[in-house]
Each structure stands twice: as structure tokens, then as C-alpha cells.
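Working notes for the structure below.
Just so it is clear, none of the values below were taken in a lab; they were calculated from the coordinates. Note that the structure is a prediction, hence the values are computed from the model and not measured. Quick reminder, even Gly has a Cβ in these numbers, built from the backbone with ideal geometry, and neighbours come from all protein chains shown.
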Amino acid sequence: MGDDVKTKVSSRIPGFHRKPLEERRDLVAERLADELQAHLASGDVLPLEVADRMSENVIAIHGLPLSVATNFRVCGRDVLVPMSVEEPSVVAAASNAARMVRLGGGFDGDADASIMTAQVQLDGVPETERVAERVAGARDGLIAAANQSIPRMVARGGGCRDVDARVLDAASGLVVLHFYVDVGDAMGANVVDTVAEAVAPAVAELLGGEVGLRILSNLPLRRTVRVTCRVSEEAIGGAELAAAIERASRFAEADPFRAVTHNKGIMNGVDAVALALGQDWRSIEAGAHAFAALGDGYKPLATWRHAAGHLEGRLEMPLAVATVGGSTGVHPGVRAAFAILGVTDARELALVMASAGLASNLAALRALAGEGIQKGHMRLHARKAELPSIRRRAHDR
């Protein structure tokens, strides 16, 4: 979607959730190509012949709702955020939190370049004390060998940027080399796996030892995203509630049992967007929780502080996402979701997804620190109870 179209999109649609399903769809779909409008109107999840090529042993289609979260403003731009999730209240909570954040200017942040990490394992390496020196001396040649294996990525402006080594166990000679590869707007798994396998013989010749695994790491520390927001006391529900949210944040910072549930609330938003947009949500989950566990114990990915009449939130996490490759150009629902969102590259997508995570976290903490999580959640849960009668009516027809 071009910038001229982007500027005309508003994510603030009052009463959107109260409109009939068809009207909600039409409000969003009017900005899509005719083909994608027809796909959304049909209610079809995915053509079976496409599904059969996307996975193995396919027998049917298993669907999830495709929703949009409203009110999001990310880095000065309004976006309607596609979400696919089975759990009630996730979309409503994120939209409501985004409305509060919007009053303070929206979400802001920055994302690193799309640097993925390829690992090459060596066992039985002699003279491990000299590994760092040897790798540094051969750095240019190793990078050149890596780039020779991915000429198309290099031609698109990507490629290997750096290499380093870690000695994991000097006694057994266990060493791992990390090759850092810019994968552009791709998630990059296939690219970095290609690099790892291509450079392994040169690495073994340089350091000795026996080659082990050659594969990406799903902890891409050089591909992190940082998002912040500011919410006034008035928007959040008062100074007392804002202070209670900070106390809840500090609880998560002190206790891993609370931190993991705190982070699960963040991933409610991140994963819902990932599913709607055909991202590798398993990789995203693994990287997020590994990042939270770095250093001194398991910690929250987002923190909140109350000061000077407002609440400030900050989230940081690794986020390997893609606007090209995978199912982004194959699955019609994913294509429609991308058209609705209108991002232009992987870094912009990472910022939106992280914002959805921070909004989901704010909504959860506000509910927990106030009336409790169950009241609104169970009200939306109760809608499922209507489904048996709906199915019966459909069958009677």
C-alpha cells in the first residue's frame, strides 16, 4: 500500500464492535483489491488445494476468526491491526488499550535491521584459548564464503555482516560460531540455514574439531524491537489505578511465576497478529521467552512506571518477522490481512506487532489492578454459549 493511501487510513472507528459483521467487514474491505474483498466476503478460510501445498497429510481446513484491532497509532501512523485468535477479549482489550494510548500520541519505537544468527557447532576443537583470535583473523574470508552461498540475498542488499565465536566448554572443545546475516524483509530461516551449512567446512578447517549442528538460532539478539507509550492518569482511570499498574509491573520484575503470566499477556497480542499475518509464531514465542530468561532470572518483556501524571510503558523483545516469503503471498487470508495493515517492510511490521503486545499487556494489568480479569473476560466468553443454538438453526435450514 502506497504512502498516499496510508495517510487516509484512520484506525479510530467509534462503535466498530457494535456494528453488524457485514458492516465491519465492508468498512475494512473497501480499501482492498476486488479479489481480496471477494475472499473476505465468501467466508472461506483457505482453498483446499492451497492448503495441500502448504503442509503435509492435509484432510481439511481448520479456521480461526480474522479480526481487526482498532485505535492503533504506531510511529505517527494509524493502522488497523489484523488479529487471529480463539480467546475471547484479546482483540477488544488491545483495541481499548490502544484507544487510551492514542490520547497520549500513540506508540513509538524503533526496530533493528533484520539480522538473523546462523550457528555452526564444533566438538573437540584444540587450543580453545586461540579460537577468538583465529576467527578474527579469518573474518573477511568467512564472511565472503557465507555471502557466496546466498547470492540472491546479497543482490537484494542483504548478506552476512559479521561473525564471532563462543567457547562453550573448553575441556571438551565445544565451540560455536555465529554468522550474522541481514535477511531483508524475510524471516530468514532458510537463508541462514544455507549459510551455516555452506561455511561449516571452512570453519572446521580453520579451527579443527568435528562439525555438529548447522542451523539458525531463534534468539536473534541483533533483531530486537523496542516500543514505548505514555498514558495519562485520566485516560487510564485515575492516579490510584496508574500506581497499581506500576506495582503490578514491579511484581512481575521480582517474581518469575508472575513474569511468565505477564509475558503471556503480551504474547496474546503479538501471537494474534502473527497468526493473522502468516508469521512463524513458534519462533517468535521461543525467542521472546529465551530473551526474558537472559541474565539474572526470568523477567518481564514490558515494564510500567507511574510519574508526573502519566503511566509510561516500555517493551523490548527479539522479533523475527517477514513481509515476503512463507505464506505471505500464498494464503489469501494472509494477503488480505497485509493489505488491511499496509506495512511496507519487516521493521515496520515488528513495530506494529510489538505495539499490539504492549497494548495487550496494558489492558491485562489495568483489569488485574482494578476490577479483576474475570468480569470482562467471562462476559465475552459467555458469547460462546450461544454457538450450539446457532449451529442447530444452521442445520435446520
Between the residues A132, G63, L216, the Cα farthest towards the positive end of the dipole of the chain, that dipole coming from +1 and -1 charges on the beta-carbon of Lys, Arg, Asp and Glu, is from G63
Here the relative contact order (percent) of segment 115-217, from C-alpha pairs under 8 Å and at least 6 apart, is 46 percent
Ordering 77-88, 286-297 by per-residue average of other C-beta atoms within 10 angstrom, highest first, gives 77-88, 286-297
Treating only Lys and Arg (+1) and Asp and Glu (-1) as charged, each at its beta carbon, one finds that segment 58-151 has a dipole about its Cα centre, in Debye to the nearest 20, of 440 debye
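What length, rounded to one decimal in nm, is gained on full extension from A308 through to A293, with 0.36 nm per residue of separation minus their alpha-carbon distance?
Separation in residues times 0.36 nm, less the Cα-Cα distance, equals 2.3 nm.
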The helix 239-254 Cα axis meets the longest alpha-carbon principal axis of the chain at an angle in degrees, between 0 and 90 and rounded to 10, of 30 degrees
With only helices counted (DSSP H, runs n ≥ 4, each -39500 (n - 2.57)), the per-residue ellipticity at 222 nm for the chain, to the nearest 500, works out to -14500 deg cm²/dmol
Label model pair H17, V260: point-to-point distance (7 angstrom along the Cα→beta-carbon line) in nm is 2.9 nm
Helix 346-369 sits off the longest principal axis of the Cα atoms of the chain, rounded to the nearest 10 on a 0 to 90 degree scale, by 60 degrees
Each label sits 7 Å from Cα toward the beta-carbon; between A60 and A239 the label points are separated, in nm, by 5.8 nm
Given (i) 64, 58, 38; (ii) 69, 53, 43; (iii) 61, 42, 41 as possible values of Cα extents along the principal axes in Å, the one from the coordinates is (ii)
In degrees, nearest 10, the alpha-carbon axis of helix 90-103 is tilted away from the dominant principal axis of the alpha carbons of the chain by 90 degrees
Taking only the alpha-carbon atoms of segment 115-217, the convex hull volume per residue, in cubic angstrom, is 75 Å³
About its Cα centre, the chain carries a charge dipole, from +1 on Lys and Arg Cβ atoms and -1 on Asp and Glu Cβ atoms, whose size in debye to the nearest 20 is 1500 debye
Exposure proxy check on T323, T224, T70: fewest-to-most Cβ neighbours within 10 Å is T224, T323, T70
A chain fully extended from R161 to E133 at 0.36 nm per residue, minus the present Cα-Cα distance, gains in nm 8.3 nm
Taking 0.36 nm per residue of separation between E371 and L221 and subtracting their Cα-Cα distance, the length gained on full extension comes to 50.3 nm
